[in-house]
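One structure below.
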Amino acid sequence: MGLYMDVHVPSAITRGLLLRGTDVLTAQVDGTTELTDPDLLDRATELGRVLFSQDEDLLAEVTKRQHSGKTFGGVIYAHQLAITIGQAINDLEILAQAGTPEDLVNRVEYLPL
């Protein structure tokens, strides 16, 4: 499964995943660093990727969509203080290797696993 990294994700997590061969696209590379949370979620969904974020505000948008029935491609969330960079890399690699984007449609997966 391809991951879409929110602009707030530390680059060390992205680099670690890339070194392990994980399919990762960052908001910076995609040119979407200025998008609002709803637009960023739409962009990841449009690309068939699961959005990884450490932005707690994004969870409000996800909850709104879950209640309204508006489809989104899935979110993996980790609070910045609840996970180390190494844990994030390991858990994201597991999810990306073992899952498909369809597994997370309209869902939020919380890290650490």
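The values are calculated or read from the model by the stated rules, or taken from the named source; none is laboratory data. The model shown is predicted, which means the values in this text are computed figures rather than measured ones. Reconstructed Cβ throughout: ideal geometry from the backbone, glycine too, with neighbour counts over all protein chains shown.
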Taking the criterion of being in contact with a strand residue (DSSP E or B) (Cβ under 6 Å, 6 or more places away or on another chain), part of a loop (DSSP other than H, G, I, E, B), at pLDDT 95 or above and not small (Gly, Ala, Ser), would at least one residue in the range 59-76 satisfy it?
no
Within the range 1-55, work out how many residues are in contact with a His (Cβ under 7 Å, 6 or more places away or on another chain) and not polar (S, T, N, Q).
1
Candidate set from the range 47-79 (those that are of a type in the set (A, V, I, L, M) and free of Cβ contacts under 8 Å to residues at least 40 places away in the same chain); member that is surrounded by the most Cβ atoms within 10 Å (Cβ to Cβ):
VAL75
Qualifying residues in the range 28-45 (those that are in contact (Cβ under 8 Å) with a residue 24 or more places away in the chain and assigned to a helix (DSSP H, G or I)) - the one farthest from GLU109 (Cα to Cα):
ASP30
Scope the range 84-113; condition more than 23 Å from ASP39 (Cα to Cα) and part of a loop (DSSP other than H, G, I, E, B); matching residues
THR84, GLY99, PRO112, LEU113
Select, from LEU81, LEU25, the only residue that is outside any helix (DSSP H, G or I) and either out of contact with any strand residue (DSSP E or B) (no Cβ under 9 Å at 6 or more places or on another chain) or charged (D, E, K, R) (or both).
LEU81
Tell me which residues, restricted to the range 7-22, are outside any helix (DSSP H, G or I) and either farther than 18 Å from THR84 by Cβ or of a type in the set (A, V, I, L, M, F, W, C) (or both).
VAL7, VAL9, GLY21
Just one of ASP91, ASP57, ASP30, ASP103 is charged (D, E, K, R) and closer than 14 Å to TYR4 by Cβ; which is it?
ASP30
Checklist (1) outside any strand (DSSP E or B); (2) within 22 Å of LEU81 (Cα to Cα) applied to LEU51, failing item
(1)
